[in-house]
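Each remark here refers to the structure printed beneath this line.
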Amino acid sequence: MERTAPTAPSDAPPSDPPAPDASFPDVAVLLDGMPRQRGLTEAATADPQTAAAVPVARPGPRLRVPRLRRLLPTPTGTPFTFGYGAVLAAVSLVAAHLDPALVHTLHQGSSTDVAHLVRTPLLVLPASALWIAGGILSPYAVALLFVLTALERRIGGLRTAGVFLLGHMGATLATEVPIGLAVLVGHLPASSLHRLDYGVSFGVAASLGALTGLFRPWLRWPLLALFGWILVADLIAFTDPMTDWGHLIALTIGVATWPLVRRSHRARRPLPNS
(Lines give C-alpha, C1' and ligand atoms only; values in the text may rest on other atoms or scores of the structure.)
Protein backbone atom coordinates (compact mmCIF):
# COMPACT_ATOMS: atom_id res chain seq x y z
CA MET A 1 0.00 0.00 0.00
CA GLU A 2 1.16 3.47 -0.85
CA ARG A 3 1.67 5.76 2.01
CA THR A 4 -0.17 9.14 1.99
CA ALA A 5 0.77 12.30 3.88
CA PRO A 6 -1.45 12.97 6.82
CA THR A 7 -3.75 15.97 6.39
CA ALA A 8 -3.70 18.87 8.83
CA PRO A 9 -6.56 19.04 11.26
CA SER A 10 -9.41 21.32 10.22
CA ASP A 11 -9.15 23.51 13.32
CA ALA A 12 -5.53 24.51 12.59
CA PRO A 13 -5.00 28.20 11.80
CA PRO A 14 -4.53 29.02 8.09
CA SER A 15 -1.04 29.73 6.99
CA ASP A 16 -0.13 33.32 5.91
CA PRO A 17 0.23 33.99 2.14
CA PRO A 18 3.78 34.31 0.93
CA ALA A 19 5.19 37.81 1.00
CA PRO A 20 5.74 39.42 -2.40
CA ASP A 21 9.26 39.53 -3.63
CA ALA A 22 10.67 43.05 -3.17
CA SER A 23 12.62 42.74 -6.39
CA PHE A 24 9.41 42.88 -8.46
CA PRO A 25 7.16 45.99 -8.51
CA ASP A 26 3.51 45.87 -7.52
CA VAL A 27 1.51 45.72 -10.74
CA ALA A 28 -1.88 45.08 -9.22
CA VAL A 29 -3.16 48.55 -9.99
CA LEU A 30 -1.85 48.63 -13.54
CA LEU A 31 -4.12 47.94 -16.48
CA ASP A 32 -3.16 45.68 -19.29
CA GLY A 33 -2.29 47.40 -22.53
CA MET A 34 -2.21 50.97 -21.02
CA PRO A 35 1.21 52.59 -21.56
CA ARG A 36 2.94 55.03 -19.22
CA GLN A 37 1.08 54.09 -16.03
CA ARG A 38 4.12 53.79 -13.80
CA GLY A 39 4.27 57.48 -12.90
CA LEU A 40 0.57 57.66 -12.10
CA THR A 41 0.74 54.49 -9.97
CA GLU A 42 3.70 55.70 -7.95
CA ALA A 43 2.02 59.07 -7.33
CA ALA A 44 -1.20 57.35 -6.22
CA THR A 45 0.53 54.95 -3.81
CA ALA A 46 2.90 57.56 -2.39
CA ASP A 47 2.31 59.68 0.65
CA PRO A 48 -0.63 62.15 0.12
CA GLN A 49 1.56 65.14 0.91
CA THR A 50 4.14 63.97 -1.60
CA ALA A 51 1.45 63.32 -4.20
CA ALA A 52 0.07 66.82 -3.74
CA ALA A 53 3.49 68.24 -4.47
CA VAL A 54 3.69 66.51 -7.83
CA PRO A 55 3.17 69.19 -10.52
CA VAL A 56 0.23 68.67 -12.84
CA ALA A 57 0.59 69.70 -16.45
CA ARG A 58 -1.88 72.42 -17.42
CA PRO A 59 -2.86 73.34 -20.95
CA GLY A 60 -1.17 76.50 -22.18
CA PRO A 61 -3.10 79.63 -23.14
CA ARG A 62 -4.78 79.45 -26.51
CA LEU A 63 -4.07 82.11 -29.08
CA ARG A 64 -7.25 84.07 -29.73
CA VAL A 65 -7.72 84.79 -33.41
CA PRO A 66 -10.54 87.18 -34.42
CA ARG A 67 -13.24 85.31 -36.22
CA LEU A 68 -13.99 86.65 -39.68
CA ARG A 69 -17.71 86.18 -39.24
CA ARG A 70 -17.73 88.76 -36.43
CA LEU A 71 -16.58 91.39 -38.92
CA LEU A 72 -19.63 90.79 -41.12
CA PRO A 73 -23.30 91.40 -40.26
CA THR A 74 -25.56 88.52 -39.31
CA PRO A 75 -29.37 88.38 -38.90
CA THR A 76 -29.15 87.58 -35.18
CA GLY A 77 -25.97 89.37 -34.12
CA THR A 78 -26.45 92.65 -36.04
CA PRO A 79 -30.04 92.77 -37.29
CA PHE A 80 -30.02 96.49 -38.13
CA THR A 81 -26.85 96.35 -40.23
CA PHE A 82 -27.88 93.10 -41.89
CA GLY A 83 -31.38 94.36 -42.77
CA TYR A 84 -30.24 97.80 -43.88
CA GLY A 85 -27.42 96.33 -45.94
CA ALA A 86 -29.83 93.90 -47.61
CA VAL A 87 -32.17 96.80 -48.55
CA LEU A 88 -29.28 98.82 -49.98
CA ALA A 89 -28.07 95.84 -51.99
CA ALA A 90 -31.55 95.18 -53.35
CA VAL A 91 -32.07 98.83 -54.34
CA SER A 92 -28.66 98.95 -56.04
CA LEU A 93 -29.26 95.73 -57.98
CA VAL A 94 -32.70 96.88 -59.16
CA ALA A 95 -31.37 100.31 -60.15
CA ALA A 96 -28.61 98.66 -62.19
CA HIS A 97 -31.28 97.08 -64.45
CA LEU A 98 -33.51 100.14 -64.79
CA ASP A 99 -33.36 102.81 -67.45
CA PRO A 100 -30.76 105.47 -66.47
CA ALA A 101 -33.29 108.25 -67.05
CA LEU A 102 -35.71 106.61 -64.61
CA VAL A 103 -32.95 106.18 -62.03
CA HIS A 104 -32.04 109.86 -62.35
CA THR A 105 -35.67 110.80 -61.77
CA LEU A 106 -35.76 108.64 -58.64
CA HIS A 107 -32.58 110.29 -57.41
CA GLN A 108 -34.11 113.71 -57.91
CA GLY A 109 -37.26 112.67 -56.05
CA SER A 110 -35.14 111.40 -53.11
CA SER A 111 -32.75 114.35 -53.02
CA THR A 112 -32.46 116.24 -49.73
CA ASP A 113 -32.13 119.62 -51.38
CA VAL A 114 -33.77 122.72 -49.98
CA ALA A 115 -36.82 122.49 -52.24
CA HIS A 116 -37.66 118.94 -51.09
CA LEU A 117 -36.80 119.60 -47.46
CA VAL A 118 -39.28 122.46 -47.39
CA ARG A 119 -42.09 120.42 -48.97
CA THR A 120 -41.61 116.80 -47.84
CA PRO A 121 -38.83 116.56 -45.23
CA LEU A 122 -40.15 113.35 -43.61
CA LEU A 123 -40.12 111.60 -46.99
CA VAL A 124 -36.82 112.65 -48.53
CA LEU A 125 -34.66 112.34 -45.39
CA PRO A 126 -35.10 108.55 -45.11
CA ALA A 127 -35.46 108.04 -48.89
CA SER A 128 -32.10 109.66 -49.62
CA ALA A 129 -30.43 107.05 -47.37
CA LEU A 130 -31.61 104.23 -49.66
CA TRP A 131 -29.10 105.10 -52.38
CA ILE A 132 -25.36 104.54 -52.49
CA ALA A 133 -23.54 107.17 -54.50
CA GLY A 134 -21.02 105.33 -56.64
CA GLY A 135 -22.67 101.93 -56.49
CA ILE A 136 -22.63 98.99 -54.16
CA LEU A 137 -18.83 98.57 -54.46
CA SER A 138 -17.98 102.17 -53.61
CA PRO A 139 -15.69 102.89 -50.62
CA TYR A 140 -18.58 104.22 -48.54
CA ALA A 141 -20.61 101.06 -49.19
CA VAL A 142 -17.75 98.84 -47.96
CA ALA A 143 -17.15 101.15 -44.99
CA LEU A 144 -20.84 101.01 -44.10
CA LEU A 145 -20.72 97.22 -43.91
CA PHE A 146 -17.78 97.00 -41.52
CA VAL A 147 -18.32 100.19 -39.50
CA LEU A 148 -21.98 99.57 -38.72
CA THR A 149 -21.28 95.92 -37.89
CA ALA A 150 -18.54 96.85 -35.42
CA LEU A 151 -20.63 99.62 -33.86
CA GLU A 152 -23.78 97.50 -33.54
CA ARG A 153 -21.91 94.67 -31.84
CA ARG A 154 -20.78 97.15 -29.20
CA ILE A 155 -23.82 99.36 -28.56
CA GLY A 156 -26.79 97.53 -30.10
CA GLY A 157 -28.97 97.98 -33.16
CA LEU A 158 -31.25 100.80 -31.97
CA ARG A 159 -28.39 103.01 -30.82
CA THR A 160 -26.44 102.31 -34.00
CA ALA A 161 -29.45 103.33 -36.08
CA GLY A 162 -29.76 106.45 -33.95
CA VAL A 163 -26.12 107.44 -34.53
CA PHE A 164 -26.44 106.82 -38.26
CA LEU A 165 -29.65 108.83 -38.61
CA LEU A 166 -28.30 111.61 -36.40
CA GLY A 167 -25.28 112.01 -38.66
CA HIS A 168 -27.34 111.65 -41.85
CA MET A 169 -30.00 114.19 -40.90
CA GLY A 170 -27.77 116.52 -38.89
CA ALA A 171 -25.15 116.93 -41.62
CA THR A 172 -27.87 117.28 -44.29
CA LEU A 173 -29.62 120.10 -42.44
CA ALA A 174 -26.31 121.73 -41.53
CA THR A 175 -25.38 122.00 -45.23
CA GLU A 176 -28.77 122.67 -46.84
CA VAL A 177 -30.10 125.32 -44.44
CA PRO A 178 -27.19 127.71 -45.20
CA ILE A 179 -27.87 127.22 -48.91
CA GLY A 180 -31.50 128.20 -48.42
CA LEU A 181 -30.51 131.27 -46.43
CA ALA A 182 -27.91 132.25 -49.05
CA VAL A 183 -30.55 132.02 -51.79
CA LEU A 184 -32.96 134.02 -49.66
CA VAL A 185 -30.55 136.94 -49.28
CA GLY A 186 -29.42 136.76 -52.91
CA HIS A 187 -25.91 135.34 -52.46
CA LEU A 188 -26.73 132.18 -54.46
CA PRO A 189 -28.98 131.64 -57.51
CA ALA A 190 -32.35 129.97 -57.15
CA SER A 191 -31.07 126.90 -58.97
CA SER A 192 -29.13 126.00 -55.79
CA LEU A 193 -32.43 125.05 -54.17
CA HIS A 194 -32.58 121.97 -56.41
CA ARG A 195 -29.10 120.59 -55.78
CA LEU A 196 -28.88 116.78 -56.13
CA ASP A 197 -28.05 115.34 -52.71
CA TYR A 198 -28.47 111.71 -51.68
CA GLY A 199 -26.46 108.77 -50.29
CA VAL A 200 -25.27 107.12 -47.10
CA SER A 201 -21.92 108.87 -46.70
CA PHE A 202 -23.05 111.28 -43.92
CA GLY A 203 -24.34 108.41 -41.80
CA VAL A 204 -21.19 106.36 -42.37
CA ALA A 205 -18.96 109.28 -41.39
CA ALA A 206 -20.92 109.82 -38.17
CA SER A 207 -20.86 106.10 -37.35
CA LEU A 208 -17.10 105.94 -37.90
CA GLY A 209 -16.61 108.95 -35.64
CA ALA A 210 -18.70 107.29 -32.92
CA LEU A 211 -16.90 103.94 -33.29
CA THR A 212 -13.46 105.45 -32.79
CA GLY A 213 -14.55 106.54 -29.33
CA LEU A 214 -14.60 102.86 -28.31
CA PHE A 215 -11.07 102.15 -29.55
CA ARG A 216 -7.86 102.46 -27.60
CA PRO A 217 -5.94 105.74 -28.11
CA TRP A 218 -3.18 104.10 -30.22
CA LEU A 219 -5.84 103.16 -32.80
CA ARG A 220 -8.40 105.93 -32.25
CA TRP A 221 -6.29 108.98 -33.04
CA PRO A 222 -4.44 107.66 -36.13
CA LEU A 223 -7.74 106.47 -37.60
CA LEU A 224 -9.41 109.82 -36.96
CA ALA A 225 -6.41 111.68 -38.37
CA LEU A 226 -6.36 109.55 -41.53
CA PHE A 227 -10.08 109.88 -42.22
CA GLY A 228 -10.04 113.59 -41.36
CA TRP A 229 -7.14 114.18 -43.74
CA ILE A 230 -9.03 112.45 -46.57
CA LEU A 231 -12.05 114.68 -45.97
CA VAL A 232 -9.93 117.83 -45.80
CA ALA A 233 -8.14 116.86 -49.03
CA ASP A 234 -11.52 116.49 -50.75
CA LEU A 235 -12.54 119.89 -49.41
CA ILE A 236 -9.35 121.49 -50.71
CA ALA A 237 -9.97 119.97 -54.15
CA PHE A 238 -13.26 121.94 -54.15
CA THR A 239 -15.10 119.47 -56.36
CA ASP A 240 -18.25 119.34 -54.17
CA PRO A 241 -17.66 121.67 -51.21
CA MET A 242 -21.10 121.34 -49.61
CA THR A 243 -20.92 117.54 -49.55
CA ASP A 244 -17.34 117.64 -48.27
CA TRP A 245 -18.35 120.02 -45.49
CA GLY A 246 -21.20 117.64 -44.71
CA HIS A 247 -18.72 114.78 -44.23
CA LEU A 248 -16.67 116.80 -41.76
CA ILE A 249 -19.80 117.85 -39.89
CA ALA A 250 -21.04 114.26 -39.75
CA LEU A 251 -17.67 113.08 -38.40
CA THR A 252 -17.87 115.77 -35.73
CA ILE A 253 -21.38 114.64 -34.81
CA GLY A 254 -20.11 111.09 -34.37
CA VAL A 255 -17.26 112.25 -32.13
CA ALA A 256 -19.78 114.23 -30.07
CA THR A 257 -21.63 110.99 -29.28
CA TRP A 258 -18.62 109.43 -27.51
CA PRO A 259 -20.09 109.79 -23.99
CA LEU A 260 -23.31 108.10 -25.09
CA VAL A 261 -21.73 105.22 -27.02
CA ARG A 262 -19.23 104.56 -24.23
CA ARG A 263 -22.01 104.40 -21.66
CA SER A 264 -23.99 102.06 -23.89
CA HIS A 265 -20.94 99.88 -24.47
CA ARG A 266 -20.27 99.55 -20.73
CA ALA A 267 -23.92 98.67 -20.11
CA ARG A 268 -23.79 95.83 -22.68
CA ARG A 269 -20.51 94.31 -21.43
CA PRO A 270 -21.02 91.20 -19.28
CA LEU A 271 -20.04 91.27 -15.62
CA PRO A 272 -16.72 89.59 -14.75
CA ASN A 273 -18.38 86.80 -12.71
CA SER A 274 -21.35 86.28 -14.99
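Structure notes:
- Any hit, the stretch 124-139, residues being in contact (Cβ under 8 Å) with a residue 12 or more places away in the chain, crowded, with 21+ Cβ neighbours inside 10 Å and touching a Gly at 6+ places or on another chain (Cβ under 6 Å): no
- Every test in (1) without any contact (Cβ under 8 Å) to a residue 24 or more places away in the chain; (2) of a type outside the set (Gly, Ala, Ser); (3) buried (at least 18 other Cβ atoms within 10 Å of the Cβ); (4) over 30 Å from residue 77 (Cα atoms) is passed by residue 176 save one, and that test is (1).
- Test: residue in the stretch 107-115 that is small (Gly, Ala, Ser) and within 23 Å of residue 264 (Cβ to Cβ): no
- Some residue of the stretch 85-108 being outside any loop (DSSP other than H, G, I, E, B), acidic (Asp, Glu) and either closer than 30 Å to residue 190 by Cα or open to solvent by less than 30 Å² (accessible area, probe 1.4 Å) (or both): no
- Scanning the stretch 106-120 for residues that are hydrophobic (A, V, I, L, M, F, W, C) and more than 23 Å from residue 83 (Cα to Cα) turns up 114, 115, 117, 118.
- Remark: pairs (first residue in the stretch 78-93, within 15 Å of residue 153 (Cα to Cα); second residue among the hydrophobic types (A, V, I, L, M, F, W, C) and exposed (fewer than 14 other Cβ atoms within 10 Å of the Cβ); Cβ separation under 8 Å; 6+ apart in sequence or on different chains) = 80/158.
- Sole residue being part of a helix (DSSP H, G or I) and in contact (Cβ under 8 Å) with a residue 60 or more places away in the chain, chosen from 181, 166: 166
- Test for residue 82: is it of a type outside the set (Lys, Arg), under 21 Å from the mean Cα position of the chain (by Cα), at pLDDT 95 or above and open to solvent by 50 Å² or more (accessible area, probe 1.4 Å): yes
- Each residue in the stretch 139-191 was checked for being over 21 Å from the mean Cα position of the chain (by Cα) and not acidic (Asp, Glu), and 23 pass.
- Cβ-Cβ under 9 Å pairs, at least 6 apart or on other chains, the stretch 233-250 side in contact (Cβ under 8 Å) with a residue 40 or more places away in the chain, far side of a type in the set (Lys, Arg): 242/195
- Elements of type helices (runs of 4 or more DSSP H) in the stretch 198-266, at least 1 residues being at pLDDT 95 or above, among the β-branched types (Val, Ile, Thr) and open to solvent by less than 60 Å² (accessible area, probe 1.4 Å): 201-212, 241-256
- Of the residues making up the stretch 121-162, those that are closer than 13 Å to residue 84 by Cβ, among the β-branched types (Val, Ile, Thr) and modelled with pLDDT of 95 or more are 147, 149, 160.
- Selected residue [open to solvent by 60 Å² or more (accessible area, probe 1.4 Å), farther than 26 Å from residue 77 by Cβ, touching a residue at least 60 places away in the same chain (Cβ under 8 Å) and touching a helix residue (DSSP H, G or I) at 6+ places or on another chain (Cβ under 9 Å)] from 114, 118: 118
The values are calculated or read from the model by the stated rules, or taken from the named source; none is laboratory data. Since this is a predicted model, take the numbers as computed values, not measurements. Neighbour counts run over all protein chains shown; Cβ positions are idealised from the backbone, glycine included. Ligands, DNA and RNA are stripped out before the accessible areas are found, and what is left, the full protein with its side chains, is counted by its heavy atoms. Shrake-Rupley method; radii C 1.70, N 1.55, O 1.52, S 1.80 Å.
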